[in-house]
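Have a look at the structure below, then the notes.
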């Protein structure tokens, strides 16, 4: 269901941008460093005698690519792909690195670019709605046998800000920051009762976050 929603969102973005493409298209390549965190849960006694209550993600290098269409002089719509090459870590009474973890993000987005289309410097703000995929991790158990965690895709948003610098040509530089919170699960916090709506379970949503500092090349035509 989530994958279908992502595909539909991408189609809407490109359909709405078909006329804008004739005005200006921007291709972006990014490289950066991402600060990541995981989520906490109930403690589990593992085979090595330790209790683990958190799954974490190591900070690491990341890269991305995007395409944007100027719907107006200041409004841009497009699609942004990102990838972080990280490692999964279990934390608790001990810390154990499981293995390599690849995190892929897929976000149709809307951005506001300040200034005129031909300005040499253009600050921007962006927001996107899409999904984050945590790839399977190959690991070795305490008894020496091997296993692989299941790949998981969850809903996420992405928020960014930065600046594009073009100088006197259509090839420029982009630098910015980006925050991507990904919904993981909801833990029950108990019951809430209301005279009108009745009683229902209240959940505490858990999110994994990526904070990215990036820079790269922008080509507009």
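Where a number appears in this text, it was derived from the coordinates with a stated rule and is not lab data. Note that the structure is predicted; figures quoted are calculated from it, not measured. With ideal geometry, Cβ positions are generated from the backbone for all residues, glycine too; neighbour counts draw on all protein chains shown.
In this structure, residue 74 and residue 150 have a Cβ-Cβ separation that, at R0 = 30 Å, corresponds to a calculated FRET efficiency of about 0.10. Counting beta carbons within 10 Å around each of 219, 184 and listing the fewest first gives the order 219, 184. Peptides 136-149, 64-77 ranked from most to least packed give 64-77, 136-149, packing being the mean of other C-beta atoms within 10 angstrom over each peptide's residues. Packing around the peptides 121-128, 43-50, taken as the average count of other Cβ atoms within 10 Å per residue, puts them in this order, highest first: 121-128, 43-50. The order of the peptides 105-118, 159-172 by mean Cβ neighbours within 10 Å, most packed first, is 105-118, 159-172. Distance between the pseudo-spin-label points of residue 37 and residue 121 (7 Å out from Cα toward the beta carbon): 3.3 nm.
What separates the Cα centres of segment 116-183 and segment 36-86 is a distance of 7 Å.
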